[in-house]
Amino acid sequence: MKKVDVFINGEFRTPFLNRYIPVINPATGDIIAEAAEGNEKDIEWAIESAEKAFKETPWSYDKELRFRVLNRLATLLRDNLGELTELESIITGRPIREMKAQLSRLPEWFEFFASVLKTHGTDSPPFSGDYLNYIQRIPLGVVGLITPWNHPLLILTKKLAPALAAGNSVVIKPSENAPVTPSILGELAKEAGVPNGIINIVPGYGAVAGKALSTNKNLAKVDVTGGTETGRHIASAAGFNLAKVAAELGGKASVLILPDANLEEAVNGSTFAAFIATGQTCVQGSRIFVHESQYDEFMERFVEKTKSLKVGDPQKLETDIGPVISAKQYKRILDYIQIGKDEGAEIAFGGKPLEGKGYYIEPTIFKNVQNNMRIAQEEIFGPVTCVLKYSNTNELIELANGTDMGLAMSIWSNNIRQAHSLASKLEAGIIWINDHHRIDPSSPWGGFKSSGIGLENSIKCFEDYSKIRNVIVNIQDEGFDWFDGSAQVKRYS
């Protein structure tokens with residue numbers, strides 16, 4: 001059984017309390033690893049290590065070092081893809097076919113941000129008079145990264161790559177449900193040449209280790225992915241300490257199918273959106289809007305497509321849907337299915353747990369759903385989706401925007417002009433047209449409303465991991481005399 005200790009100053013150490021949290025295989029319910037139960041003291045050690053490394057190693061100011069190391073880390077990730085894929089599939093229950101596709105792209109983040117750090121730095125804006133003005137981007141210092149269980153390596157990579165590229169040191173608090181692969185990433189980073197102390201990893205419960213990290217006054221930034229309420233608490237604590245905050249929080253993504261869409265493509269896209277990662281993703285297509293003229297035909301095709309999905313062992317290549325992550329999440333999803341039935345929605349397919357070991361739930365489709373129902377408003381985070389009717393474009397816009405969350409939506413249409421026009425009226429940070437759940441390190445990722453603040457990915461994210469130093473240089477030929485009144489006039493005119 002693998003034991004995951006805290007990783008501080010380049011070494012694995014026994015946690016302060018010498019206590020461990022069981023890590024469960026959701027496909028069987030068996031304990032497959034133990035993760036350190038980090039507490040406030042472990043977080044203090046990690047932050048002290050990160051501060052020391054930031055001050056005493058060349059990492060914060062040597063761009064060439066960071067460029068070489070990040071590219072080397074990308075290579076090591078590719079070399080270890082097989083082991084990481086298998087472990088993530090076992091620990092999260094995500095089908096291995098999907099996991100391989102996702103993790104194979106991780107090196108791109110380190111390569112992209114390595115290129116950004118080499119090309120994006122000092123600016124020289126125009127300045128009135130005989131002055132040279134240049135702006136330097138310098139690292140923030142120590143940043144805290146709090147990551148969830150559903151995409152342990154991808155979401156960590158989306159935060160870690162820009163944080164390191166900008167020259168920061170980091171303290172990572174991975175989910176207690178999925179800490180194994182983040183700890184391996186820490187080892188690979190050390191092998192790639194990241195100096196000891198620049199990366200520190202403390203597994204533990206969010207209410208203890210996560211709280212201790214987000215409330216520490218020595219952090220310059222906190223970057224969290226998690227539930228909306230968790231994000232509010234973290235942002236409040238960080239704000240009190242005047243630390244920057246990025247938070248990618250809850251989602252209730254809509255799939256908008258226009259009457260002119262290719263129905264087969266829309267059905268395939270909706271199935272992908274609803275059940276990718278067993279529905280355990282913040283951009284899951286959990287609200288599917290279909291025009292009333294096509295509703296019955298869409299439902300027939302959608303149910304038939306969903307019936308063809310294979311639910312089972314995530315380690316088998318033919319599996320489309322695996323287990324949900326934990327007994328707690330399993331109960332939560334089943335509770336929501338009952339809530340949907342109690343509210344008057346009808347189950348078109350699924351809705352039941354599977355017999356035997358593991359936390360398996362049938363892919364579930366609700367029909368005849370009203371937009372004010374809880375199943376249409378609250379994030380379920382499982383293989384459950386709702387199909388709703390609309391009669392015209394104005395109603396569609398009102399329905400799609402009629403939720404407190406605004407992370408992502410997708411539009412399905414053969415009329416690109418109409419799709420662009422509709423996209424401009426939607427309250428979401430990410431909008432796909434004739435696709436869903438696509439991502440790239442160069443493309444901004446973040447939400448509106450209660451779905452979060454700040455961004456992952458893109459040059460903008462890199463900039464948010466740095467602060468600005470503005471330098472103004474007097475280059476006049478003659479010396480300046482402050483007490484010369486004419487010079488003062490010249491200076492401010």
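The values are calculated or read from the model by the stated rules, or taken from the named source; none is laboratory data. Keep in mind that this is a model prediction, so the values were computed, not measured. FYI the Cβ positions are ideal-geometry reconstructions off the backbone, even for glycines, and counts take in every protein chain you see. To get the accessible areas, we keep the full protein, side chains included, count just its heavy atoms, and leave off ligands, DNA and RNA. Shrake-Rupley method; radii C 1.70, N 1.55, O 1.52, S 1.80 Å.
Candidates in the stretch 456-480 are the residues that are modelled with pLDDT under 95 and in a loop (DSSP other than H, G, I, E, B); of these, the one that is nearest to VAL267 (Cα to Cα) is ILE475. Of all residues in the stretch 89-120, those satisfying the criterion of being open to solvent by less than 60 Å² (accessible area, probe 1.4 Å), in contact with a Leu (Cβ under 7 Å, 6 or more places away or on another chain) and either assigned to a helix (DSSP H, G or I) or not hydroxyl-bearing (Ser, Thr, Tyr) (or both) are ILE96, GLN102, LEU103, LEU106, PRO107, PHE110, PHE113, ALA114. Among the residues of the stretch 321-380, those that are open to solvent by less than 50 Å² (accessible area, probe 1.4 Å) and of a type in the set (D, E, K, R) comprise GLU362, GLU379. Just name the residue that is farthest from ILE380 (Cα to Cα) out of those in the stretch 317-354 that are among the aliphatic types (A, V, I, L, M) and assigned to a helix (DSSP H, G or I). Here the answer is ALA327. The residue that is farthest from ARG66 (Cα to Cα), among those in the stretch 195-210 that are open to solvent by 10 Å² or more (accessible area, probe 1.4 Å) and in a loop (DSSP other than H, G, I, E, B), is TYR205. Within the stretch 31-88, if we keep just the residues that are farther than 19 Å from PHE110 by Cα and among the polar types (S, T, N, Q), the residue that is surrounded by the fewest Cβ atoms within 10 Å (Cβ to Cβ) turns out to be THR57.
Against the condition open to solvent by 50 Å² or more (accessible area, probe 1.4 Å), within 25 Å of ALA266 (Cβ to Cβ) and in contact (Cβ under 8 Å) with a residue 12 or more places away in the chain, how does LYS305 come out, does it pass? Walk me through it before giving the result.
On the way: open to solvent by 50 Å² or more (accessible area, probe 1.4 Å): yes; within 25 Å of ALA266 (Cβ to Cβ): yes; in contact (Cβ under 8 Å) with a residue 12 or more places away in the chain: yes.
Yes: the conditions hold for LYS305.
Out of the stretch 57-70, which residues are farther than 15 Å from GLY186 by Cα and part of a helix (DSSP H, G or I)? Once the filter is applied, which keeps residues that are farther than 15 Å from GLY186 by Cα and part of a helix (DSSP H, G or I), the stretch 57-70 yields PRO58, TRP59, SER60, LYS63, GLU64, LEU65, ARG66, PHE67, ARG68.
Which ranges mark the strands (runs of 3 or more DSSP E) fully within the stretch 355-445 that have 2 or more residues being under 27 Å from the mean Cα position of the chain (by Cα) and under 30 Å from THR28 (Cβ atoms)? Step through it out loud before you land on a result.
Numbers: elements: 364-367, 384-390, 408-412, 430-433.
It comes to 364-367, 384-390.
If you check VAL311 against the conditions, is it among the aliphatic types (A, V, I, L, M), farther than 27 Å from THR403 by Cβ and in contact with an Asp or Glu (Cβ under 9 Å, 6 or more places away or on another chain)? In short, yes.
Cβ-Cβ below 7 Å, separation at least six or inter-chain, first residue in the stretch 200-226 and touching a residue at least 60 places away in the same chain (Cβ under 8 Å), second among the basic types (Lys, Arg): which pairs? If the second residue must be among the basic types (Lys, Arg), the pairs left are VAL202/LYS173; GLY204/LYS173; ALA209/LYS173; GLY210/LYS173; LEU213/LYS173; ALA220/LYS244; LYS221/LYS244; ASP223/LYS159.
Residue count for the stretch 245-293 satisfying the condition of being under 19 Å from ILE325 (Cβ atoms), open to solvent by 10 Å² or more (accessible area, probe 1.4 Å) and assigned to a helix (DSSP H, G or I): 1. Among the residues of the stretch 121-157, how many are crowded, with 16+ Cβ neighbours inside 10 Å, touching a residue at least 60 places away in the same chain (Cβ under 8 Å) and farther than 21 Å from PHE54 by Cα? Going through the stretch 121-157 one residue at a time, the tally reaches 8.
Has the stretch 169-178 got any residue that is over 19 Å from the mean Cα position of the chain (by Cα) and buried (at least 24 other Cβ atoms within 10 Å of the Cβ)?
Checked against the condition, which is being over 19 Å from the mean Cα position of the chain (by Cα) and buried (at least 24 other Cβ atoms within 10 Å of the Cβ), the stretch 169-178 yields at least one hit.
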